[in-house]
Amino acid sequence: PGVVGLKSSKHIFVCLLRGINVGGKNKVDMKQLKKTFERVGLRSVQTYINSGNIVFIDETNSVPELKSLLQDAILEDFQLSLELVLRNLTQMRKLIKALPEAWRIDQAQKSDVMFLWDEVNHASVLKQLTVKDYDTVEFVSGAILWNVRREYVTRSGMQKLPGTALYKQMTIRNVNTTCKVFAMMDAAAKQKDK
């Protein structure tokens with residue numbers, strides 16, 4: 001089962017959609033979205049909350065093929081041209097390992113994962129950010145990790161991010177959502193290995 005698990009990690013994905021169900025724009029019903037993913041042949045499709053997090057299994061397409069397939073299907077079913085990020089279980093496991101355990105969303109702190117488009121997926125991307133003394137910002141392959149204490153959120157350098165070119169090349173999830181999505185992917189791997 002160990003070897004099968006390693007192999008299957010490459011076939012278990014999360015799709016993270018950018019900019020849906022925000023302020024009444026780009027409305028996408030999650031039940032309908034699940035049907036869209038199933039219609040194009042993806043298996044064990046699960047959605048998590050309204051921000052566009054879809055976990056699924058696919059063993060036939062390359063990542064570029066998968067991205068194109070999903071963008072075309074979403075355009076057809078919802079008339080929306082959306083950017084999306086795909087990560088497999090292996091990639092998500094590395095990200096979760098890099099995430100400091102103490103970082104959570106709670107009364108004391110705000111922690112986010114900024115999933116990057118391939119074009120900006122390099123450590124030098126940090127130079128494009130305004131980082132203040134009370135921001136903790138780290139790069140891991142595929143993402144920027146950010147943490148700030150609640151009392152400093154409005155003064156954080158991350159407040160300058162919206163509206164920048166870089167902001168348009170990422171999709172952001174809070175740490176709690178990221179951990180939940182990873183747990184769903186991990187559970188899908190265990191089911192698949194049985």
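The values are calculated or read from the model by the stated rules, or taken from the named source; none is laboratory data. Just so you know, these numbers come straight off a predicted model, no measurement behind them. Using ideal geometry, Cβ is built from the backbone for each residue, glycine included, and neighbour counts are taken over all protein chains shown. In case anyone asks, the SASA skips ligands and DNA or RNA and just uses the protein heavy atoms, side chains included. Shrake-Rupley method; radii C 1.70, N 1.55, O 1.52, S 1.80 Å.
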Go through the range 72-114 residue by residue and tally those that are among the small types (Gly, Ala, Ser), closer than 20 Å to Leu145 by Cα and open to solvent by 20 Å² or more (accessible area, probe 1.4 Å).
3
Please tell me if Leu66 is crowded, with 17+ Cβ neighbours inside 10 Å and without any contact (Cβ under 8 Å) to a residue 40 or more places away in the chain.
no
Could you pull out the residue among Val131, Val45, Val125 that is within 30 Å of Arg150 (Cα to Cα), of a type outside the set (Ser, Thr, Tyr) and touching a strand residue (DSSP E or B) at 6+ places or on another chain (Cβ under 6 Å)?
Val131
For residues that are over 13 Å from the mean Cα position of the chain (by Cα) and of a type in the set (A, V, I, L, M, F, W, C), scanning just the range 185-194, find the one that is most open to solvent (accessible area, probe 1.4 Å).
Ala187
Reported set for the range 156-184 where residues are surrounded by 16 or more Cβ atoms within 10 Å (Cβ to Cβ) and assigned to a loop (DSSP other than H, G, I, E, B) is Ser156, Leu161
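Results for (1) more than 16 Å from Asn174 (Cβ to Cβ); (2) open to solvent by less than 80 Å² (accessible area, probe 1.4 Å); (3) modelled with pLDDT of 95 or more, shown as yes or no for each residue.
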| site | (1), (2), (3) |
| --- | --- |
| Asp118 | yes, no, no |
| Asn121 | yes, yes, yes |
| Lys127 | yes, no, no |
| Lys132 | yes, yes, no |
| Phe139 | yes, yes, yes |
| Gly142 | yes, yes, yes |
| Leu145 | no, yes, yes |
| Thr154 | yes, no, no |
